[in-house]
Amino acid sequence: MTGNGHNTQEELASYAMQGLPVEESASIRAHLQSCVQCRAELAEVCGDLALLGLAVEQQPLPEGARQRFLERIASSPAVKPQAAPAAVIPIAAGGTRRGPRFWVPWVAAAAMAIVAISLGVQNRALNDELQDESRLVTNLAGQASRAQQVLEVLTAPSAQRVTLTGGKAPAEPAARATYLPERGGLILLATNLKPLPAGKAYELWIIPADGKAPVPAGVFSPDAGGTATLVLPPLASGIRAKAFGVTVEKASGSDAPTSPIILSGAPTGS
């Protein structure tokens, strides 16, 4: 208390926030019942605390925080309820003014809250940036994997290489295929292909070495220059090829080749 028997502003602030021991809170409560000046001072302290709470941006509570708070209160020792403060009475002119030291804790608390909010925003921004980089790495890894498969098919010693031609003239359609039976990997490059009507496409066929029916290896259409590629179509592994052929089929593909065979050829490797 002050020298004149009144409570200090620090004591009233701690009392308003219920931060005092039970005995000290009871003493202040008893004093407030008979002291108009301290009740008025308490009312102003409560108002300042409320304004300070409004000045700080509210943040959502973490999930489960409210339940943990209620459980902690339920498990705490019983505390005698405090009597509600008397009606607010305006302080007369010339009342006690707060010194700078009184506001230091509240300013520090507000500054800490602002710093915490700023760190939260920065953390969310960093998380978004990390997710973008993760997606980029995944995309690059997929592209690298496909490039590696193409390289394996083109350079494998056991790959079967065949050139499909329609005649000896240089301007005639031609195609070159690289096939890796054990992986089911196939890459085809065709040139000088003639344009096709709407709804039609070229289709590549594998003629199995075991005499079974031709296996469709994919459809493709040439560009304006007559060039077309077929890269790693979905094929079953282990089909040894006796020959390859290209026919004209419907754009969606066919289950069996339609005559005539436009291009054909046999593998030169084993």
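Ordering 8-17, 21-30, 126-135 by mean Cβ neighbour count within 10 Å, with the highest value first, yields 8-17, 21-30, 126-135. The local environment of G199, defined by Cβ-Cβ distances under 12 Å, has a net charge of +1 under the rule Lys, Arg +1 and Asp, Glu -1.
Near S158: Cβ cut-off under 10 Å, other residues only, Lys/Arg at +1 and Asp/Glu at -1. The net charge is 0.
For the range 140-270, which whole percent of the accessible surface, found with a 1.4 angstrom probe, sits on carbon and sulfur atoms? It is 58 percent, rounded to a whole number. Each Lys or Arg adds one and each Asp or Glu takes one away; over the other residues whose Cβ falls under 13 Å from the Cβ of R135, this sums to -4. Considering only A141, A175, N123, the residue lying farthest towards the positive end of the dipole of the range 109-224 is A175, judged by Cα position with unit charges set on Cβ.
The values are calculated or read from the model by the stated rules, or taken from the named source; none is laboratory data. These numbers were taken from a predicted model, which means no experiment stands behind them. Backbone-built Cβ (ideal geometry, glycine too); neighbour counts: all protein chains shown. Surface areas here come from the heavy atoms of the whole protein model, side chains and all, with no ligands, DNA or RNA. Shrake-Rupley method; radii C 1.70, N 1.55, O 1.52, S 1.80 Å.
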